[in-house]
1. What number, rounded to the nearest 500 deg cm²/dmol, is the helix-based mean residue ellipticity at 222 nm of the chain, given -39500 (n - 2.57) per DSSP H run of at least four residues and division by all its residues?
2. Nearest 20 debye, what's the magnitude of the dipole of the chain about its Cα centre given +1 on Lys and Arg Cβ and -1 on Asp and Glu Cβ?
3. With everything on Cα atoms, drop me the angle between helix 50-69 and the longest principal axis of the chain, reported from 0 to 90° to the nearest 10.
4. Tell me which label goes with the value of semi-axes √(5λ) of the Cα gyration tensor in Å computed from the coordinates here: (i) 25, 14, 10; (ii) 20, 16, 10; (iii) 31, 13, 10.
5. May I ask which of Lys6/Lys69; Lys10/Lys70; Lys30/Lys69; Lys6/Lys62; Lys10/Lys69 have a Cα-Cα span longer than 19 Å here?
6. How far is it, in nm, from the label point at Arg22 to the one at Arg54 when both lie 7 Å from their Cα along the line to the Cβ?
7. With contacts defined as alpha carbon pairs under 8 Å and 6 or more residues apart, what's the relative contact order of the chain in percent?
8. Give me the distance in nm between label points sitting 7 Å out from Cα along the Cα-to-Cβ direction at Asn67 and Asn7, one decimal.
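Nothing in this text is a laboratory measurement; each read-out follows from the coordinates by a stated rule. A quick note: this is a predicted structure, and the numbers were derived from the prediction, not measured. Quick reminder, even Gly has a Cβ in these numbers, built from the backbone with ideal geometry, and neighbours come from all protein chains shown.
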Amino acid sequence: MTTEEKNMLKMNIGKLTLEQKRGVVPIVQKQVAKNSKNHIIEFELEQLSTECLRELEQYVNKQIRDNIKK
């Protein structure tokens, strides 16, 4: 995934509702260790595999399309 695509993905994640952002967690959690004390998942897109990024991109784009239809 190119840097431009990652920047677009980051921007689009920011457009999601809180509920939709919760859908990001299971996708990212496959690769990122969870801080069990605070139940916080921190990640940088650069650290995720291309496969994970594409799955995330697919989810985010679907959510944005659904938002536009509403």
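1. -18500 deg cm²/dmol
2. Here the chain has a charge dipole of around 380 debye.
3. 40 degrees
4. (ii)
5. Over 19 Å apart, Cα to Cα: Lys6/Lys69; Lys10/Lys70; Lys30/Lys69; Lys10/Lys69.
6. Placing both labels 7 Å beyond Cα along the Cβ direction yields 2.9 nm.
7. In percent, rounded to a whole number, it is 42.
8. 2.0 nm
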